[in-house]
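Undergrad: Below you will find the structure I want to go over with you.
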Amino acid sequence: MKTLRLPIRIKILIMLLLANSTLVLAIFLANQIAFDKSFSDYVQSQTKARLEPVIEAFHQTMETQQNVDWLDRRSRYWKNLMRTYHQVSAANEALPKKRPKPSKDMRPPHRGERRGRGPSDKLFFKALDGTLLVGRPAMVKDALWIPVYWPEMEGYKIGYIGVENGSMVTGKFETLFAKQQRQHFVVIAIIAFVVTFLLSIPFSKYLVRPILALRQRTKNLTSGDYSLSKQIIRRDELGQLESDMNLLAKTLAENLTARQRWIADISHELRTPIAVIKAEIEGMIDGVIEADEAQLDSLHEEIMRLTKLVNDLHQLSMSDRGSLSYEKSQMVLPELIERSLEKRKSELSHFDLQFDFSPRCFLFCDAHRMGQLFDNLLQNTLRYTDASPENKGMLDIKVSRIGQGVQVIWQDSSPGVESEQLSHLFDRLYRTDSARNRKTGGSGLGLAICQNIIMAHNGEVHAEQSKLGGLKLTIEFKYKEN
């Protein structure tokens, strides 16, 4: 069974209608309750005011009789009281003096409802103990009771005179007024609902419009359109989302450019040694180049350089994917550096080495990957630093604790790196030598691999110009155990 998929615009419209309809209904019911209560209070106050002649007649009868034996619906005294009540009721229900105007269809005016009961059926009396002396029990349920007292004994209550609730109201005016008020409330509620519906349609469109624009923007991103949107005007969550979409588009565009450049650089790096090997082999086949030991050594050197490039690419791709395995344990960082230096001891004979290793510089790390890191840094120094027996190069390594982490400062002597090149040192296949001399230069992947290893150990690396004339690398590992 397929579920009904409503567009978000319809959902918002329904929510607005439900919320506003509930509000309109609540206001309508509150007005009705308030009006009914106010109208009921008005009816009771008018009934009490119009019942005063009856109360006065009751007091006069009590002054003459001095007892309550006359309180019987068949006694002449009660009938006189009923006559007074009938006169008051008749005066309140009197018709207007002016003749009503004829209706458009010329029909005679409505004659009104017939009276089912006379006034004598609407007046009651009960004693202080609640005993009903005059009246029918079935009719006194909603009666309005007014206390009556002995004429000469102030505060001494005799009982209660009751009247059917609302029976003293002039039925024609007050009833018509109440009916009209209820009709007005209904009309206002309907108008409010219609206005709410009409306003909800454009309002829902206004809310959904930026969402639809972001949806279209997402489709553009999936199709490869990474162009940035126009100036962001909104300052709400949707505006922030649009800003995030711009950042995403910018990042995707940069990644696309980097990938294209990466593929082009790899093609160039692979094509050059392959072309050299191909040319030398073809020369040997054609007899132009003699296949002697020197030529074979040249071929072997090119093949080894190509093999290293492929291996570096493999290492870099694995580190990018996080596929490199790391078996971390607590290690003494200076000892790992000393191991790398010991392996290159003969090559470092033309260098003045300076070390500053603080004690207890422990790091929770992978010893093999850390060895690879320092091997690459050392190889970079050996390759790009001018050093000879007559003019020795310099290598200064400092390891210290910073807070809960460890800092490694690695700097060498000239030649240095131009300021504009510092930000590109960790780019793939980047070399600082403009001639890209492969006899002295590497694959351009060593520092990129170093950066990935450092990041895998929750560290950061920054490059700057060294006071020794060469390159200074500052590596900070943000955590340390022990």
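Undergrad: Looking only at residues in the stretch 246-298 that are within 18 Å of Arg428 (Cα to Cα) and among the acidic types (Asp, Glu), which one is surrounded by the most Cβ atoms within 10 Å (Cβ to Cβ)?
TA: Among them, the one singled out is Glu269.
Undergrad: Moving on. Name the residue that is surrounded by the fewest Cβ atoms within 10 Å (Cβ to Cβ), counting only residues in the stretch 326-336 that are touching a residue at least 40 places away in the same chain (Cβ under 8 Å) and under 15 Å from Arg401 (Cβ atoms).
TA: So, considering only residues that are touching a residue at least 40 places away in the same chain (Cβ under 8 Å) and under 15 Å from Arg401 (Cβ atoms), the one surrounded by the fewest Cβ atoms within 10 Å (Cβ to Cβ) is Gln330.
Undergrad: Can you find a residue that is more than 30 Å from Gly444 (Cα to Cα) and assigned to a helix (DSSP H, G or I) anywhere in the stretch 255-277?
TA: Checked the stretch 255-277: no residue is more than 30 Å from Gly444 (Cα to Cα) and assigned to a helix (DSSP H, G or I).
Undergrad: Oh, and also: Kindly indicate whether Gly155 is in a loop (DSSP other than H, G, I, E, B), at positive phi, crowded, with 16+ Cβ neighbours inside 10 Å and modelled with pLDDT under 80.
TA: no
Undergrad: Quick check: is even one residue across the stretch 383-392 among the hydrophobic types (A, V, I, L, M, F, W, C) and out of contact with any helix residue (DSSP H, G or I) (no Cβ under 7 Å at 6 or more places or on another chain)?
TA: Checked the stretch 383-392: no residue is among the hydrophobic types (A, V, I, L, M, F, W, C) and out of contact with any helix residue (DSSP H, G or I) (no Cβ under 7 Å at 6 or more places or on another chain).
Undergrad: Which one of the conditions (1) within 51 Å of the chain's Cα centre (by Cα); (2) assigned to a helix (DSSP H, G or I); (3) modelled with pLDDT of 85 or more does Gln330 fail to meet, given that it meets all the rest?
TA: (2)
Undergrad: Another question about this same structure. From the list Glu481, Glu476, which residue is modelled with pLDDT under 90 and farther than 28 Å from Leu306 by Cα? So that I can check it myself, show each step before the final result.
TA: Working: Glu476 fails: modelled with pLDDT under 90.
Matching residue, one of Glu481, Glu476: Glu481.
Undergrad: May I pose another question? Please pick out the residue among Ile266, Ile211 that is at pLDDT 80 or above and of a type in the set (Val, Ile, Thr). Steps first, answer last, please.
TA: Working: Ile266 fails: at pLDDT 80 or above.
Just a single option satisfies the conditions, and that option is Ile211.
Undergrad: Step by step: first the residues of the stretch 336-351, then only those that are over 12 Å from Leu378 (Cα atoms) and part of a helix (DSSP H, G or I), then the one that is modelled with the highest pLDDT. Which residue is that?
TA: The extreme case among them is Leu336.
Undergrad: Then there is this: Looking at Ser413 and the list (1) exposed (fewer than 15 other Cβ atoms within 10 Å of the Cβ); (2) at pLDDT 85 or above; (3) over 30 Å from Leu313 (Cβ atoms), which single condition is not satisfied?
TA: Tallying (1) exposed (fewer than 15 other Cβ atoms within 10 Å of the Cβ); (2) at pLDDT 85 or above; (3) over 30 Å from Leu313 (Cβ atoms), Ser413 fails exactly one: (1).
Undergrad: Quick check: anything in the stretch 223-241 among the aromatic types (Phe, Trp, Tyr) and more than 27 Å from Ile303 (Cα to Cα)?
TA: yes
The values are calculated or read from the model by the stated rules, or taken from the named source; none is laboratory data. Fair warning: this is a prediction, and the values are worked out from it, not measured in the lab. Note: ideal-geometry Cβ built from the backbone for every residue, glycine included; neighbour counts use all protein chains shown.
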